[in-house]
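**Q** Once you've had a glance at the structure underneath, I'll fire off some questions.
The values are calculated or read from the model by the stated rules, or taken from the named source; none is laboratory data. The model shown is predicted, which means the values in this text are computed figures rather than measured ones. Note that we place each Cβ from the backbone using ideal geometry, even for glycine, and neighbour counts take in every protein chain shown. The accessibility values were calculated without ligands, DNA or RNA, using every heavy atom of the protein model including side chains. Shrake-Rupley method; radii C 1.70, N 1.55, O 1.52, S 1.80 Å.
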Amino acid sequence: MTTEQPAVAIIGSGIAGSALAAALANAGVPVLVLERTEQFVDHVRGEYMHPWGVAEAMALGLHGDLIESGGNVISRFVGYDEVYSSGEAEAGALPLADLVPGVPGALGIGHPMACQTLFDAAVRAGAHALRGVEQVKVTPGESPEVRYVHGGTEHEVRPRLVVAADGRESSTRRQLGIELEKTDPRIFLAGMLVDGVRDWPTADSVIGTSGDTILYVFPQGGNKARLYIGYSIEDKTRLAGTDKAKMFLEAFRVDTIPDCDRFVDANPAGPCAAYPMFDSWSDAVVADGVVFAGDAAGFSDPTIGEGLSVALRDARMIRDVLLGGEDWSKKAFTPYVEERAERMRRLRFAAKVFTDAHIPLGRDAVSERRRRSDMMTQDPDLFMLVASTVCGPEMAPQSSFEDEIREKLLTPA
């Protein structure tokens, strides 16, 4: 058994873990990063970063790394729907480059590439990062303990703080007996990375509803794009079978989004996978000597694309506590705990309203979807709710996140 004594041990080197490691190491904090995998792989998630997440990447000093590694700046978001003409949709496009001061727009980047970029940034900054780590065991307390196996040898460290950033299925969370609360899924979301996309404007991301399907396009630069389709949870076997990639691409043969059929002929460049969409959260994101970050602390419903932004906000807020003074106690993280709880509550509400606006699906529900869509742009509270998903959940007033707002959306005049 060997012993090393970092100030901070970070379990997991995804977006939150590696971003925090890089920020702390750049500030001279001794950091140990423990990562289970030898290589980041495509899990069909985390490919789009809203402008408020880009602002967090900038605050962490990591935005330039993401751009240099191939991140694609997205300056316009267009919401198409068969209830509108394409001209109406484009006239109401969101100018993503103009919404958050100093932020050039949203960011499209492959999740494995983003993780590797931030991991490399942490290593360059001086973090001690290990891959292929097994059997990680965390004992919380005033002097927390981490045991792990690497290269066949058991190691033990006693850092001042453990940051658990080990993903949705966090083993640290299970070890500490922390359960996540979850919403009931209403939408299945399937995704796939494609290459060979012909002449799609790389600065444009879109969402379009056609029939019983919600379509998403997030360009990643060059000829690549991450595509998603959303559909009712009741149709969860829609992509079952060996031809699911072909069936997935065929869903883009629609008139709702101009020139959308070009995706039908694109080349699959990654796995095609589908997941039920739901929110998860916990009030216990801090224990004695342990702080949870990113998906390990609970995650936002991916239908509104907040995962990367949430992870980077977590990393920035934890960094600020650790660099702000000598007090690294559980109490010192109270501002993080309170802000995150309210942030995730607001995003849960936003995801619920987003789903309300797109369901009921199907051509028989066009008039009702038109009414709801009009309300989302005409009602001030609903409009600010939509804006909060792009600019940051704290940017909208409290009144945008009350049940009365949702009831107004769901109740025909």
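**Q** Would you mind counting up the charge near residue 142? Only other residues with Cβ under 10 Å from its Cβ, with Lys and Arg at +1 and Asp and Glu at -1. Could the numbers behind the result be given before it?
**A** Numbers: positive: 160, 330; negative: 288.
Charge balance near residue 142 sits at +1.
**Q** Which stretch or stretches of the stretch 145-168 have amide N atoms under 15 Å from the point lying 7 Å from residue 273's Cα along the Cα→Cβ direction?
**A** 167-168
**Q** Hand me the GluC sites (Glu not before Pro) from the stretch 135-186 located in a DSSP loop with no more than 13 other Cβ atoms within 10 Å, in residue order please. Write down the numbers at each step before the final one.
**A** Working: sites: 142, 145, 154, 156, 169, 179, 181; in loops: 142, 169, 179.
Here the sparse-neighbourhood loop sites are 142, 169, 179.
**Q** In degrees between 0 and 90, to the nearest 10, how far off the longest principal axis of the chain does helix 380-391 point, with axes built from Cα atoms?
**A** 50 degrees
**Q** Please compute the length gained on full extension between residue 38 and residue 68, using 0.36 nm multiplied by the number of residues separating them and subtracting their Cα-Cα distance. Present the calculation step by step, with values, prior to reporting the outcome.
**A** On the way: separation 30, 0.36 × 30 = 10.80 nm, distance 2.28 nm.
Fully extending the segment from residue 38 to residue 68 adds 8.5 nm.
**Q** Percent of accessible area on the stretch 212-350 owned by carbon and sulfur, 1.4 Å probe? Please report the intermediate quantities before stating the final value.
**A** Details: 2630 of 5430 Å².
Taking all protein chains in place, the stretch 212-350 shows 49 percent carbon and sulfur surface.
**Q** Rounded to two decimals, what ratio of Rg to Rh does the chain give with C-alpha atoms and a Kirkwood Rh? Each step should come with its number before you reach the end.
**A** Working: Rg = 21.4 Å, Rh = 21.9 Å.
Ratio of gyration radius to Kirkwood radius: 0.98.
**Q** Which pairs in the list 352/408; 246/352; 182/352 are over 20 Å apart, alpha-carbon to alpha-carbon? Intermediate results must be reported in sequence, preceding the final value.
**A** Working: 352/408 14 Å; 246/352 30 Å; 182/352 13 Å.
Among 352/408; 246/352; 182/352, the Cα-Cα distance tops 20 Å for 246/352.
**Q** How many times 2.2 N^0.38 Å is the alpha carbon radius of gyration of the stretch 246-288?
**A** Values: Rg = 18.3 Å, N = 43, 2.2 N^0.38 = 9.2 Å.
Relative to the rule-of-thumb radius for its length, the stretch 246-288 sits at 1.99.
**Q** Can you find, among 58, 91, 101, the residue farthest towards the positive end of the dipole of the stretch 45-102? Put +1 on the C-beta of Lys and Arg, -1 on that of Asp and Glu.
**A** Of the candidates, 58 comes out farthest on the positive side.
**Q** Report the GluC sites (Glu not before Pro) located in the stretch 363-413 that are in a DSSP loop and have at most 10 other Cβ atoms inside 10 Å of their Cβ, or state none. Walk me through the intermediate numbers first.
**A** On the way: sites: 368, 394, 402, 404, 407; in loops: 402.
Sparse-neighbourhood loop GluC sites (Glu not before Pro): none present.
**Q** Still on this structure, please answer the following. Calculate the FRET efficiency for residue 253 and residue 169 from the Cβ-Cβ distance with a Förster distance of 41 Å, rounded to the nearest 0.05.
**A** Working: r = 36 Å, r/R0 = 0.87.
For R0 = 41 Å, the calculated efficiency reads 0.70.
**Q** So how much slack lies between residue 98 and residue 124, counting 0.36 nm per residue of separation and subtracting their Cα-Cα distance, in nm? List each step's numbers first, then the result.
**A** Numbers: separation 26, 0.36 × 26 = 9.36 nm, distance 3.28 nm.
Value of the extension gain: 6.1 nm.
**Q** Evaluate the Debye formula for the stretch 42-182 with equal point scatterers sitting on the alpha carbons, no solvent, and hand back log10 of I(q)/I(0) at q = 0.09, 0.16 Å⁻¹, in q order, two decimals.
**A** Computed log10 I(q)/I(0) values: -0.45, -1.03.
**Q** Rounded to the nearest whole Å², what accessible area per residue is found for the stretch 260-413 with the 1.4 Å probe?
**A** Working: 6240 Å² over 154 residues.
It amounts to 41 Å² per residue over the stretch 260-413.
**Q** Expressed in nm to one decimal, what extension gain is obtained for the pair residue 261 and residue 366 from 0.36 nm per residue of sequence separation less their Cα-Cα distance? Let's see the in-between values first.
**A** Numbers: separation 105, 0.36 × 105 = 37.80 nm, distance 2.19 nm.
Full-extension gain reported as 35.6 nm.
**Q** Can you give me the angle between helix 111-125 and the longest principal axis of the chain, using Cα atoms only, in degrees from 0 to 90, rounded to the nearest 10?
**A** On a 0 to 90 degree scale, this one is about 30.
**Q** Which far-off residues, 5 or more places away or on another chain, put their amide H under 5 Å from the one on residue 80, with H placed in the peptide plane?
**A** For residue 80, the qualifying residues are 207, 208, 209.
**Q** Using the crude model of +1 on Lys and Arg Cβ and -1 on Asp and Glu Cβ, and no other charge, please compute the dipole size for the stretch 341-413 relative to its Cα centre, in debye to 20.
**A** Numbers: 12 positive and 12 negative charges, 58 e Å.
Roughly 280 debye, rounded to the nearest 20.
**Q** For the chain, with a Gaussian network of springs between Cα atoms less than 10 Å apart, report the residue from 22, 165, 341 with the top mean-square fluctuation.
**A** 341
**Q** Give me D for the stretch 268-413 in µm² s⁻¹, whole number, from Stokes-Einstein with Rh from the Kirkwood sum over alpha-carbon pairs, 20 °C and 1.002 mPa s. Please list the in-between numbers first.
**A** Details: Rh = 17.0 Å.
So the translational diffusion coefficient is about 126 µm²/s.
**Q** Hey, how much of the P(r) for the stretch 112-229 falls beyond 20 Å, as a percent of Cα pairs? Can you show the working numbers first?
**A** Values: 4502 of 6903 pairs.
The share of Cα pairs beyond 20 Å in the stretch 112-229 comes to 65 percent.
**Q** Still on this structure: Using only Cα atoms and rounding to the nearest 10 degrees, what angle (0 to 90) does helix 366-378 make with the longest principal axis of the chain?
**A** 60 degrees
**Q** A further question on this structure: Tell me, what is the per residue accessible area of the stretch 127-211 in Å², probe radius 1.4 Å? Please report the intermediate quantities before stating the final value.
**A** Values: 3810 Å² over 85 residues.
The answer is 45 Å² per residue.
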